[in-house]
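The values are calculated or read from the model by the stated rules, or taken from the named source; none is laboratory data. Treat the numbers as computed from the prediction; the structure is a model and nothing was measured. FYI the Cβ positions are ideal-geometry reconstructions off the backbone, even for glycines, and counts take in every protein chain you see.
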Amino acid sequence: MALKSGDKIPQVTLKQATAEGPKDVTTAELFGGKKVVLFALPGAFTPTCSTKHLPGFVEKAAELKARGVDSIVCLSVNDAFVMGAWARDQKVGDKVKMVADGGAEFTKAMGLDFDASKFGMGVRSQRYAAIIEDGVIRTLSVEEPMKFEVSTAEAVLKAL
């Protein structure tokens, strides 16, 4: 069962892609004491993720931050090296924190995993966006399969 508004973010250690390489980052560090927009997607370098989802948040980063967002986090069930390469490819810079949930521990704890084995991808995250304040989910918008509507940067701006 998926977490919902009012629930606390699971406490796990993830990997963040940085210019110096992968580094451990806890969910307490990412979400504690801050207003954060988290968006998760099925995979780096995949079509909708690369042409719409990540680019939308990169493009709207300044608008999101102008509305009181301290940071924007992109999470995928990929490794930190892939997330770093994708960040470079997409020219993310410091606009979005690229976070790897390599073993899907966070994704499973959120209740938002799905089996994409029939696509050759294994366990992946559903596509969603959340507004998190001090580690507590304020809004959570999960996409229906094959849709891209409620987790867009524009939808998050409206929710703020």
For segment 13-60, name all the residues that are part of a helix (DSSP H, G or I), in contact with a Leu (Cβ under 8 Å, 6 or more places away or on another chain) and modelled with pLDDT of 95 or more. Thr27, Leu30, Phe31, His53, Leu54, Phe57
Return yes or no: is Ser5 in contact with a helix residue (DSSP H, G or I) (Cβ under 8 Å, 6 or more places away or on another chain) and hydroxyl-bearing (Ser, Thr, Tyr)? no
Would you confirm whether or not segment 13-20 contains a residue that is exposed (fewer than 14 other Cβ atoms within 10 Å of the Cβ) and either closer than 18 Å to Asp94 by Cβ or among the charged types (D, E, K, R) (or both)? yes
Any residue in segment 103-116 that is in a strand (DSSP E or B), of a type outside the set (Asp, Glu), modelled with pLDDT of 95 or more and within 23 Å of Asp7 (Cβ to Cβ)? no
If you go through segment 133-147 one residue at a time, do you hit one that is closer than 26 Å to Asp24 by Cα and in a loop (DSSP other than H, G, I, E, B)? yes
